[in-house]
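The structure appears below as structure tokens.
Since every read-out is calculated from the coordinates, none of them should be taken as a lab result. All values derive from a computational prediction rather than experimental measurement. Note: ideal-geometry Cβ built from the backbone for every residue, glycine included; neighbour counts use all protein chains shown.
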Amino acid sequence: MKFRTILLFGAPGSGKGTQGKILGSIPNFYHFSCGELFRNLTPDTELGKIFLEYSSRGQLVPDEPTIRLWQHCIQVAERDGGFNRQTDTLVLDGIPRNLQQAQMLEGLLKVRAVLYLLGTDIKKLVARLQRRALRENRLDDANIKVIRQRLQTYERETRPVLDFYGPKLVRRIDSTQSPIHVLNEIIGLLVKSDP
Ligand code: ADP
């Protein structure tokens, strides 16, 4: 049985993590942040090293180990009872992040909606990421060159994923609104489409 899924989509700093955390606190929604998963790896593991190598350059971790880690963590969550594919909706944040990943996950996900957080200009995205660097101690947010590279990676590799899912699934949400207004819009969409 495929996973009933909502995708959180948008540039770095667009607010995916903020919204994902809130949605994940609602019963029957399970928030899965790929970036958080990687940050929880310790640097003495093979994949932890690979993550540091790529993320410090603003690049994506290769697809094969990314999808493998994702599958492993979902399996663990199902085994532990944290996630139940019969009753829960998966809220994916930061994955799939390129066309290849979308194709690799195609047989596993039943995507009900792609929530596309857009509209914040580059200057504001950069300012948000720099604030987050201090708050969350994230090295990849601290360096302006790495931030620029991540925004480029997003434009080149991640944005085409929108076309993969197509306009029928994509819901455009103005991410310049305050978080509570963004949340209000998301909840409205989810209630209407009954994921
Ligand atoms: P942001 O959306 O702000 O860039 P994330 O926490 O989603 O931050 O990701 C941080 C880093 O983790 C990325 O720059 C990338 O190196 C790595 N990463 C996260 N998700 C993926 C993914 N699905 N595929 C490959 N790399 C990923």
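A few points about this structure:
- In order along segment 166-171, the Karplus-derived 3J(HN,Hα) couplings, from 6.51 cos²θ - 1.76 cosθ + 1.60 at θ = phi - 60°, round to x, x, 5, 9, 7, 10 Hz, and Gly and Pro are given as x.
- Annotation: the chain has a Kirkwood hydrodynamic radius of 17.1 angstrom, from the mean reciprocal C-alpha pair distance.
- Gain in span if fully extended, residue 156 to residue 192, counting 0.36 nm per residue against the direct Cα distance: 9.7 nm
- Cross-link check: pairs 123/192; 124/168; 123/145 evaluated at a Cα-Cα cut-off of 23 Å; pairs beyond the cut-off: 123/192; 124/168.
- Taking every C-alpha pair closer than 8 Å and separated by at least 6 residues, the mean separation divided by the residue count of segment 1-132 gives a relative contact order of 52 percent.
- By other beta-carbon atoms within 10 Å, ranking 121, 140 with the fewest at the front produces 121, 140.
- FRET efficiency for residue 49 and residue 176, using Cβ-Cβ distance with R0 set to 25 Å, rounded to 0.05: 0.10
- Residues 9, 3, 32, ranked from the fewest to the most other C-beta atoms within 10 Å, line up as 3, 32, 9.
- For residue 60, no residue has an amide H sitting under 5 Å from its own, ignoring neighbours fewer than 5 places away on the same chain, with H placed 1.01 Å from N.
- Per-residue Karplus couplings for segment 133-147, computed as 6.51 cos²θ - 1.76 cosθ + 1.60 with θ equal to phi - 60°, are listed in order as 4, 6, 5, 10, 6, 9, 5, 5, 8, 8, 10, 5, 5, 5, 4 Hz, Gly and Pro entered as x.
- Only one residue of 105, 84, 122 has its Cα farthest out toward the positive end of the dipole of segment 84-195, where Lys and Arg carry +1 and Asp and Glu -1 on Cβ, and that residue is 122.
- Cβ crowding within 10 Å ranks 66, 5, 176, 87 as 87, 176, 5, 66, fewest other Cβ atoms first.
- Here the dipole of segment 70-174 is about 420 debye; that uses its Cα centre as origin and unit charges on the Cβ of Lys and Arg (positive) and Asp and Glu (negative).
- The slack between residue 56 and residue 71, meaning 0.36 nm per residue of separation minus the straight C-alpha distance, is 3.0 nm.
- Among 165, 5, 75 the positive-end extreme of the charge dipole of the chain (Cβ point charges): 165
- Long-range amide H partners of residue 175 with built H, under 5 Å: 118, 119, 120
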